[in-house]
Every structure is written in structure tokens, then in C-alpha cells.
Amino acid sequence: MTSMKYSQTRRRLGVAAGLAVLTATVTACSGGTSVGGGSSQSAVSGKPQGTIRLSYWGSGKRVELTNGVSDLFTKAHAGVKVTPEYTDFASYWNKLNVQATSGNMACVAQMQGRQLNDYASKGLLIDLEPLVKAGTIDVSQIPKNVLDTGRGTDGKLYEIPYGAAYDSIMVNQTLAKQAGVGVPAADWTWDDFDSYVKKAQANLPQGVKAVNLGGGLPNYFIEYVQAQGQKLFDGSKVAFPQQTLVDFWNKWESWRKAGLTTTAQEKAAETPQTEQSFIATGKVLADNKPGNQLGQAQGALSGAKAGQQLTTVALPSGASPGSVLFTSGFSIPKSCNNQATAAAYINFWVNNHEANMLFASNNGADTNAKELQAQIDDPKLDAATKHMLSLFKEIVAKNPPTVLYPPGYQANFETAFTQAYQQISLKGASVQDTAKSFIDNLNSALAAAQ
């Protein structure tokens, strides 16, 4: 799976710029309704036929596997053709924005929950709920809390998630044992996290920090909010109290000033590549990392610090589970002239056993519970991937809250959040004032994105 945190600043800025163009152009051309017109929902009927375009992000192995699933689909449906369109993650959204404004989106368009409402709110996508109710797309094996990540802020289903990523706390088991703290318990809380890093730091080797500085990581905060039992957004407005953000940043500042974390300067200079990250080079005991990066990080650590072992655990919980799912899936645009075949393709991808075993959770853990278990049970599966899939299964079983991201989220939240915390950690800005400014600016930006 493509790392969810590689080249973050460049990627976010590219996506943000593209979404700004999309919002302006769609509004100007269509008053905020569907671009390029669209066939009615009733048009989704009949057996698969003709040609559909499939757009997705990825390279190398991802392309090979995706096209392999398409080959299985066309083999099962004689005469049907699937034309792939793919590029890297940042370029994908820029291209999709251009296609959206001209009514030329591929009939099956890959989406992510954090970008979904930038398109759904503009009337570009069909509601897939009627297809689910009709049995055209079978989602019976997708847990409800996973399926709901494909909904818009209006409650309609615009994306069928097929792969789910999640953040984890990656822990150096070897250092944890040496420090006398071990691996955190499965049901740990943020208070436990506080005790854990303080106890660990006192017994770690010189130069090794208990945790990588995470006050500027958007996902950390999202997960912290969920653990408090609070909502991130209510429609297009911030729903969490300002004090929650103040508490989060104060926690990280207290850890940083006590020498429990990497310095603000070190964090700002850290390379985005997993293999060169602090956790993968033995410089920190723990860090927030996507669950699917365990294998990459372990490979790098084995070279840098022979004998040291990594593992991952779920994020700290509290009033509710702290883990959040970040899904990728497929949507069908209203401009698609072959919606029946597009729906059949999505159904095939989600439910066909051969297709699922071929793709093998390459873009997040398989959302189909039956197929997920089949992959976990595969004796040929490597240990890191087995752990990643098993932890996902455990997280889903705890019913993590669903976060719905409003239009404008990607363009106005993530980079701004990182920059706001850097004003605190690098330049000494007031936590209280910075939190108020961040929330005020975010609310204004989200209102303008509607």
C-alpha cells in the first residue's frame, strides 16, 4: 500500500491547490451541481457490457495487481473491457479535478474518505445505497463502521471502501524490554501513554527518546479527539472544543520540554521515507505510523540495529476507541454512461475470492471480513502483513467511530495543523492563541468550501 505519510507537505499542497480549482470551477460552471450532467439512478440495470474506464493511484506492483483484478473481471464477463488510468497519489487528484470539472471522470473512480466530500458535495457522484439495497453491490461482508466511511456528510453512500488503512503506535520491543515497560496493553489510554513514556525515558540508552514528537501530526489529533468521545466535525463546522486542542498541544509540549521526545528541530528535519524514519533507525522507542509500514520499518531497523524488533499496537483509547480508519474505495460519477458495468466491477472487486487473494490488501486491509480472514489464514503470508491484518480485525471489532470529512478538509486542515504546532514548538507561540486562531481559520475555510 502507498504510504499515507510520504512527502506529506508536497502531496497536501498539490491536492489542496487542485481542490481549490475544483471548487471554484464547479461552482462557476454549474452552480454547485453535477458537472457534465448525469444519467439517472434508474439507468443502473442490465448485465455488464461495453467499456468502462478505471482511474486509480499507484505504481509498480499496485498497477500490476489492479490490472490483474480487471483481467479477472473481463474474463468473467465476455466482451467487457476495462481501460485503466493511473498515476501517483498527488497527480491523481489533480487529474481527477480536471476530469470532474469537464464531466469526464472515469466510470469507476478511486476515492478516499478524506477527499470524498469534495466531490460528493458538488453533486458529481451517484448515491450507491440503491444499488446495495437492490443487491447489485453486495456489502454484506463489510462491517457497518467500515462501510460508513464511504458516506457523505448528507448520509448518502458515495464510496464502497475496499481497503482500510489505520494508524498504530509502532514500538521497538527490544528497547521497551530494556526500559522495563514492555509493549503497551491492548486497552491502554492516553493517561497510560503519559506514564509509559515517562517511565521508559529514564531507562533508555543515551540519545534514544521515548516517543517521536507528534504534536503536529493531524492524525494523532484526530485520534485523540475520538478517544475523548468527541466528534471532529459537525457538518462543515469544527465540533471539538477548543480546550481539547489546547490539552493535546499542551501534552506534547510538556513531553517535549521534559526531554521525552525528539526536538522540534529534529522532527521538522525528519525524512518522510519510512525506512529512514526515527523509529526505523532505532532513535525512538515509539511513534505513530500506518499499520502497513511495519514490514518496511522492520527491514530498515534490522540493518541499522541488528536484533531489534518492532511491533504495532492500537492507538490509546478513552471514552471511545482511539483508532480511526482511513479507507480507499470506488465511486461512480453521474457522468458515467455505463453505470451498470461500473457497479458490477465494484461488486466483483469487493466480493470475488480470486480477485481478493490476488490484490491481497495491497491498498489497506481488505474490508471484506470473509476475504480478510482468508488472507490472515494464508500460510504463505509474511509475519508483518499477518500482524497488520490481524490488528485491523481487532480494531474493527471494537467499533471505532466514523469520521466524516467535510468539503475543504484536505485543503485546509492537515498542512495548517502541522504549521500551527510548529509555531508553538519552534517559535514559542501561545498554545491558547494558536488553537483559537487555527479553529477560527478552519471554520472560515470550511464554510467557504461549501
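Which ones in region 297-308 are among the hydrophobic types (A, V, I, L, M, F, W, C), surrounded by fewer than 16 Cβ atoms within 10 Å (Cβ to Cβ) and touching a residue at least 12 places away in the same chain (Cβ under 8 Å)?
Scanning region 297-308 gives a single hit, 304.
Of (1) open to solvent by 60 Å² or more (accessible area, probe 1.4 Å); (2) free of Cβ contacts under 8 Å to residues at least 40 places away in the same chain; (3) outside any helix (DSSP H, G or I); (4) in contact with a helix residue (DSSP H, G or I) (Cβ under 7 Å, 6 or more places away or on another chain), residue 386 satisfies all except one. Which?
Tallying (1) open to solvent by 60 Å² or more (accessible area, probe 1.4 Å); (2) free of Cβ contacts under 8 Å to residues at least 40 places away in the same chain; (3) outside any helix (DSSP H, G or I); (4) in contact with a helix residue (DSSP H, G or I) (Cβ under 7 Å, 6 or more places away or on another chain), residue 386 fails exactly one: (3).
Please work out which one of (1) surrounded by 24 or more Cβ atoms within 10 Å (Cβ to Cβ); (2) small (Gly, Ala, Ser); (3) at positive phi is the condition residue 365 fails and give its number.
Among (1) surrounded by 24 or more Cβ atoms within 10 Å (Cβ to Cβ); (2) small (Gly, Ala, Ser); (3) at positive phi, the lone unmet condition for residue 365 is (3).
Looking at region 340-358 only, could you name the residues that are aromatic (Phe, Trp, Tyr) and surrounded by 23 or more Cβ atoms within 10 Å (Cβ to Cβ)?
Within region 340-358, 345, 349 qualify.
Mind listing whichever residues of region 400-450 are at pLDDT 95 or above, in a loop (DSSP other than H, G, I, E, B) and hydroxyl-bearing (Ser, Thr, Tyr)?
Listed by number, the residues that qualify are 405, 430.
Looking only at region 179-234, filter to residues that are among the hydroxyl-bearing types (Ser, Thr, Tyr) and within 24 Å of the chain's Cα centre (by Cα); which one of those is surrounded by the most Cβ atoms within 10 Å (Cβ to Cβ)?
Taking the candidates together, the pick is 224.
Does residue 337 fit the bill of being open to solvent by 10 Å² or more (accessible area, probe 1.4 Å), in contact (Cβ under 8 Å) with a residue 24 or more places away in the chain and in contact with a Cys (Cβ under 8 Å, 6 or more places away or on another chain)?
Yes.
Working only within region 175-192, note down all residues that are in a helix (DSSP H, G or I) and touching a helix residue (DSSP H, G or I) at 6+ places or on another chain (Cβ under 9 Å).
Once the filter is applied, which keeps residues that are in a helix (DSSP H, G or I) and touching a helix residue (DSSP H, G or I) at 6+ places or on another chain (Cβ under 9 Å), region 175-192 yields 175, 176, 190.
Filter region 414-436 down to the residues that are surrounded by 15 or more Cβ atoms within 10 Å (Cβ to Cβ) and either touching a Cys at 6+ places or on another chain (Cβ under 8 Å) or farther than 20 Å from residue 261 by Cα (or both) and list them by number.
If the condition is that a residue be surrounded by 15 or more Cβ atoms within 10 Å (Cβ to Cβ) and either touching a Cys at 6+ places or on another chain (Cβ under 8 Å) or farther than 20 Å from residue 261 by Cα (or both), then 414, 415, 416, 434, 435 are the ones that fit.
Kindly indicate the residue of region 309-323 that is surrounded by fewer than 24 Cβ atoms within 10 Å (Cβ to Cβ) and of a type in the set (A, V, I, L, M, F, W, C) and also nearest to the chain's Cα centre (by Cα) among those meeting that condition.
Selected residue: 313.
Is at least one residue of region 154-173 open to solvent by 10 Å² or more (accessible area, probe 1.4 Å), part of a helix (DSSP H, G or I) and over 29 Å from residue 442 (Cα atoms)?
Looking through region 154-173, at least one residue is open to solvent by 10 Å² or more (accessible area, probe 1.4 Å), part of a helix (DSSP H, G or I) and over 29 Å from residue 442 (Cα atoms).
Step by step: first the residues of region 66-94, then only those that are within 20 Å of the chain's Cα centre (by Cα) and surrounded by fewer than 22 Cβ atoms within 10 Å (Cβ to Cβ), then the one that is nearest to residue 344 (Cα to Cα). Which residue is that?
This residue is 86.
Among the residues of region 243-296, write down those that are more than 20 Å from residue 323 (Cα to Cα), surrounded by fewer than 18 Cβ atoms within 10 Å (Cβ to Cβ) and basic (Lys, Arg).
257, the sole residue that qualifies.
Pull out all pairs, ordered by first then second residue, where Cβ-Cβ is under 7 Å, the residues are six or more apart or on different chains, the first lies in region 267-292 and is under 22 Å from residue 424 (Cα atoms), and the second is open to solvent by less than 30 Å² (accessible area, probe 1.4 Å) and basic (Lys, Arg).
As it stands, the answer is 272/5, since those pairs meet every condition given.
The values are calculated or read from the model by the stated rules, or taken from the named source; none is laboratory data. The model shown is predicted, which means the values in this text are computed figures rather than measured ones. When we count neighbours, we look across all protein chains shown, and the Cβ atoms used for this are built from the backbone with ideal geometry, even at glycine. Ligands, DNA and RNA are stripped out before the accessible areas are found, and what is left, the full protein with its side chains, is counted by its heavy atoms. Shrake-Rupley method; radii C 1.70, N 1.55, O 1.52, S 1.80 Å.
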